[in-house]
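The structure appears right after this line, and notes come after that.
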Amino acid sequence: SEFQESFVVQRKMENIPELLDYFPPDAPLCTARITTFLQRSEGPGGARAVKVLESWIRVGASGALADQIENGGSTFAVHAETGVVWNGTTTERMVKGDPFLEPGLNGAPGAKKSITGHKLPFWSQALDTVKEAHVKLAPDAFTVGWDIVFTPGGIEIMEGNLMSMVALHIGMRYGTMSLLWPDSPLVWLALSDWLKDKEGGLKYTAETKRSKLQRVKSSLQGHIARLGKEKEPLKNAILKLKAADLEDNAPLDELKLLQNQLMLKEGEIHGLSTELAAVKDAILRI
């Protein structure tokens, strides 16, 4: 047949009933994107750990054939450790720009309920499944973006995508990513380990690597110290506006912007501290 290699036939799947109120009417099959990456272990046998780089749930537009935001849908970041949905965005919001510099959508257009704060079903099973799939199905890939379908009986993998990083496309800040996805700050160090000794990759000697990591360590310590100082004026400004709020004089937009900036600073400190601990450990292992 002329169509022999043109199609993949799959069993039809439908959205799990308990999530339908968070989707618009007649939504397409809505999937979660969980991106995993490999982290080399120095333990026995050189086993590699699989970490979560980012996690999302995509909510397709009513009547659309697919759930991507390019088709009018919305996408919401998910806390990697808990499966609780954070905020989201749409193509329109990205084009216009969110006034608070981060995804601020709480619910999908047309949905009955806001999805922000909702815990996705079978989340632990989803994490276990994608981590196992990375080791067994793509052991040589550094990152894989897994599209997960929630069904009444659990989760199923629909597909895997190499080199996935949704957050960069929508302009998310490092601080937010560090809070939502605690292992994401480790990705650059894991990538350098993955590239080591590969054709066209890094050819560091032990001494070269130690020297580079020492410089990174010093830089991280400097950034953390600077951010710690930058936090204090933000905290004081927030307290001042909150005090004004008691007299109904506080500009709410200004307060929200300051709170967002403080969250980003705290997230940056958290992420950089995670990186710093990993760098110190890597230096000790050389």
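The values are calculated or read from the model by the stated rules, or taken from the named source; none is laboratory data. A quick note: this is a predicted structure, and the numbers were derived from the prediction, not measured. Here the Cβ positions follow ideal geometry from the backbone for every residue, glycine too, while neighbour counts run over all protein chains shown. What goes into the accessible areas is simple: the full protein's heavy atoms, side chains included, and nothing from ligands, DNA or RNA. Shrake-Rupley method; radii C 1.70, N 1.55, O 1.52, S 1.80 Å.
From largest accessible area down, sort GLU275, GLU159; use a 1.4 Å probe on the protein chains.
Details: GLU275 20, GLU159 80 Å².
Sorted by accessible area, descending: GLU159, GLU275.
In the chain, taking the dipole from charged Cβ atoms about the Cα centre, the farthest positive-side position among LEU179, SER219, ALA111 is held by SER219. Annotation: average projected area of the range 126-188 is 5.2 square nanometres, based on the convex hull of Cα atoms across all directions.
Convex hull of alpha carbon positions in the chain: directionally averaged projected area 19.8 nm².
Between ASN106 and GLU207, 0.36 nm times their residue separation minus their Cα-Cα distance comes to what?
Working: separation 101, 0.36 × 101 = 36.36 nm, distance 4.93 nm.
Using 0.36 nm per residue and subtracting the Cα-Cα distance, I get 31.4 nm.
Here is how the number arises for the chain: DSSP H runs of 4 or more residues each give -39500 (n - 2.57), the sum is divided by the residue count, and the result at 222 nm is -13500 deg cm²/dmol. With contacts taken as Cα pairs under 8 Å at a separation of at least 6 residues, the chain carries a relative contact order of 17 percent. Around the Cα centre of the chain, unit charges on the Cβ atoms of Lys, Arg, Asp and Glu (plus for the first two, minus for the last two) sum to a dipole of about 1200 debye.
Backbone geometry of the range 24-32 corresponds, through the Karplus equation with coefficients 6.51, -1.76 and 1.60 at θ = phi - 60°, to 3J(HN,Hα) couplings of x, x, 6, 6, x, 4, 9, 10, 9 Hz, x marking Gly and Pro.
Any idea how far apart GLU232 and ALA138 come out in nm if each label point goes 7 Å out from Cα toward Cβ? Using points 7 Å along Cα→Cβ, the separation is 4.6 nm. Taking a ≥ b ≥ c as the square roots of the eigenvalues of the Cα gyration tensor of the range 141-286, is the shape rounded (a/c under 1.5), prolate (a/b larger than b/c) or oblate? Taking the square roots of the gyration eigenvalues as a ≥ b ≥ c, the range 141-286 is oblate.
Tell me the volume per residue, in Å³, of the convex hull enclosing the alpha carbons of the range 50-150. Don't skip to the answer; put the middle values down first.
Details: hull volume 12.6 nm³, N = 101.
Per-residue hull volume (Cα only) is 124 Å³.
Cross-link check: pairs LYS112/LYS265; LYS203/LYS280; LYS51/LYS203; LYS203/LYS231; LYS256/LYS280 evaluated at a Cα-Cα cut-off of 31 Å; pairs beyond the cut-off: LYS112/LYS265; LYS203/LYS231; LYS256/LYS280. Equivalent-ellipsoid semi-axes for the range 173-231 (Cα gyration tensor, √(5λ), whole Å, largest first): 27, 17, 6. Taking the accessible area of the chain, probe 1.4 Å, and keeping the other protein chains in place, the carbon and sulfur fraction comes to 55%.
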